[in-house]
Structure formats: structure tokens, C-alpha cells
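Single-structure report; data block below.
Just so it is clear, none of the values below were taken in a lab; they were calculated from the coordinates. Only a predicted model underlies this, so the values are computations on that prediction, with no experimental measurement involved. Here Cβ is always computed from backbone atoms with ideal geometry, including for glycine, and neighbour counts include all displayed protein chains.
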Amino acid sequence: MRPIDPRLHQALDGDIPPETLAPALRRDAESLEAAVALLAAAPVAESVERRVMAAVRRPARSAGRRLLRWAIRPHSVVLSMRPVWSLALVAGILLLAVLPSPEDGPQLGAEEGIAQFVGRFPGARSVHVVGSFNDWKPVSIPLEDRDHDGVWQAVAVLPTGTHEYMFVVDGERWVVDPLAGRFVEDGFGRVNSVLIVRPLPR
């Protein structure tokens with residue numbers, strides 16, 4: 001910071017008239033006077049002490065306003081649990097997620113049961129099961145090979161009792177189920193697989 005010229009200092013103090021200064025010093029004097037005028041016109045900042053005392057003297061909020069202010073502010077909640085209870089809680093949640101609800105799956109009547117069909121047909125494009133339970137219609141009950149390992153499966157709700165059935169592979173090849181425990185002649189020189197459907201215990 002450069003020192004103030006003594007003549008400029010004298011002019012600002014009123015010891016000499018500003019007109020006697022050199023033009024450069026006169027401009028400096030005018031700039032300083034303008035700055036002083038701006039500072040004098042600026043509002044005086046409220047002191048920290050006054051703001052603190054005003055807050056202290058402010059009347060306390062009512063219980064309702066304090067409750068409302070607490071309710072609208074975000075709060076953090078920390079739950080503390082013992083490891084054993086944590087494991088029990090996780091196990092309970094997993095159990096609820098795994099167990100099927102009573103509404104899941106097919107609703108069975110009093111004279112109905114569930115039949116599961118499984119057949120191994122590597123390279124097959126489609127497999128259906130047909131029988132006396134669906135009037136031997138080839139496309140009514142399809143099997144699926146979900147793992148693409150050649151094992152086709154299906155689950156169907158059928159009337160209770162004894163049924164004859166066969167697999168239809170690729171829509172044209174009729175195959176007896178080699179895993180069936182019973183077989184019966186179909187009257188045309190071939191045999192059909194036999195399935196016994198029992199009602200589920202209630």
C-alpha cells in the first residue's frame with residue numbers, strides 16, 4: 001500500500017483548499033470523499049449482542065407450535081437389536097417369502113387331484129400329454145423343458161380316478177410313458193399308460 005501524499009492529507013483535513021492540488025491528487029481527493037460519503041450513507045449493521053438479546057427476549061413458542069415444528073423436521077431413527085433377534089427376524093421374513101399362501105396354485109374341488117407328468121425327450125421341439133381326461137386332444141396340456149436338458153414336465157389338475165394317457169412328441173409321435181407303473185391295451189394293438197389321480201388330503 002502506497003503512502004498518502006501529505007498535501008492530499010492536508011486537503012482532506014481542510015487545511016488547504018482542494019483546488020490547490022495537482023490534477024492527479026485532486027482526483028484522488030474526490031474519490032476518497034466519495035468513498036467516505038458512501039460509508040456514511042450505509043446502514044449500520046446490527047450488532048451480534050443485540051441480535052442475541054432479541055432472541056433471548058423472544059417469547060417462547062406454544063406447545064402446539066413446538067410439536068408442529070418437531071413433526072415437520074427430519075429425524076434419524078436408529079434401531080439396535082441383538083444378533084440373535086436379527087437372525088430370527090431375517091429367518092421369519094425369508095420363511096414368509098418362501099411359503100406359498102393359501103391362494104397360490106390351483107384351487108381343487110372335492111373330486112379333483114394333482115397329476116405330474118415327466119418324460120425325457122432330448123431334441124424334441126414340443127411335448128404334450130393326451131388321455132381320457134382331455135378327450136385325447138393333443139395340444140391341451142403342454143409340457144415344458146425349462147432347463148433345456150431334454151426333461152419335459154407338466155402339472156395338471158385332473159378329476160380323481162383312473163386315466164389312460166400318452167405323450168405326443170413334436171405333434172406327431174405318440175409315445176407311452178415308460179415311467180408309468182401300469183399299462184393297458186388300447187384295442188388297436190398298442191398300450192396306453194395308466195394314471196391314478198387321488199384327492200388331496202384335507
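Annotations
- Of the GluC sites (Glu not before Pro) found in the range 144-197, those in coil by DSSP whose Cβ has at most 11 other Cβ atoms within 10 Å are Glu172.
- For Arg182 and Ile114, a Förster radius of 22 Å and the Cβ-Cβ distance give a FRET efficiency of 0.75, rounded to the nearest 0.05.
- Each Lys or Arg adds one and each Asp or Glu takes one away; over the other residues whose Cβ falls under 12 Å from the Cβ of Val157, this sums to -2.
- Of the chymotrypsin sites (Phe, Trp or Tyr not before Pro) found in the range 111-202, those in coil by DSSP whose Cβ has at most 14 other Cβ atoms within 10 Å are Phe188.
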